[in-house]
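Below is one structure, written out as structure tokens; comments come after it.
Values in this text are rule-based calculations from the coordinates and carry no lab data. Note that the structure is predicted; figures quoted are calculated from it, not measured. Because the Cβ atoms are built from the backbone with ideal geometry, glycine has one as well, and the counts that use them run over all protein chains shown.
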Amino acid sequence: MISLRNGVAAFLYNNGNYLLMRRADNREIAPGVWSGVGGHMEPNEINDPLAACYREIEEESGISSDKITSLELFYIITRRSKDEIRQSYIYFGDTSESDLVQTDEGKLFWIPCNELLKREYTKTFTAMLF
């Protein structure tokens, strides 16, 4: 049986830097690699990935929606991983907030634009960036 996993991710820009997360080593999916801020969509968010993205940003970084401007959907990436279809909605936006909270999901960093391609990403983000 093939299942479907819907997710969202955001790449937030602030003052020449992008917000990235180095995923915790104990994560089930892509431990220890870099990604945007995001996660799985809740069942009630399936028809509203933007709402899911705002929720995930706040949960993982502490940045509330009123501190984010121009959050726009840029990519929808679909790929198969074993018996699962993974569909990811990828957003880009700007934020005036630079202070972050840390969670057990991973560690957050503001990465200068010229260093973005020097990191190991999930397969989804590698396909998008390269």
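Please report Rg over Rh for region 77-119, where both radii come from the alpha carbon positions and Rh follows the Kirkwood definition.
1.06
HN-Hα J couplings of region 109-115 from phi, Karplus 6.51/-1.76/1.60, θ = phi - 60°, integer Hz, Gly and Pro as x?
Per residue, the Karplus-derived 3J(HN,Hα) values read 9, 8, 10, x, 3, 6, 10 Hz.
Quick one: which residues, 5+ away or cross-chain, put their amide H under 5 Å from the amide H of Gly7? H built at 1.01 Å from N.
For Gly7, whose amide H was placed from the backbone, the distant partners under 5 Å are Met41, Gln87, Ser88, Tyr89.
Return the single residue from Leu20, Leu108, Leu100 with maximal mean-square fluctuation; model: Gaussian network over the chain, springs between Cα atoms under 10 Å.
Of Leu20, Leu108, Leu100, the most mobile in the Gaussian network model is Leu100.
With the Cα gyration tensor of region 3-129 in hand, convert its eigenvalues to equivalent ellipsoid semi-axes via √(5λ) and list them largest first in whole Å.
They are 21, 17, 14 Å, listed largest first.
Treat the count of other C-beta atoms within 10 Å as a stand-in for reagent exposure and order Lys67, Lys123, Lys118, Lys82 from fewest to most.
Lys82, Lys118, Lys123, Lys67
Among Ser65, Ser35, which comes first, second and so on when ranked by fewest other beta-carbon atoms within 10 Å?
Lowest count first: Ser65, Ser35.
Could you size up the charge dipole of the chain around its Cα centre, putting +1 on the beta carbon of Lys and Arg and -1 on that of Asp and Glu, and report it in debye to the nearest 20?
That gives the chain a dipole magnitude of about 680 debye.
Which lysines, on any chain, are close to Lys118 with Cα under 25 Å apart, when same-chain ones fewer than 8 places away are left out?
Here the lysines satisfying the reach criterion relative to Lys118 are Lys107.
Taking the Cβ of each residue in Cys53, Cys113 as the centre, tally the other Cβ atoms inside 10 Å and list the residues starting with the fewest.
Going from least to most buried by this count: Cys113, Cys53.
For Asp66 and Asn114 in the same chain, what is the full-extension length gain: residue separation times 0.36 nm, less their Cα-Cα distance, in nm?
14.5 nm
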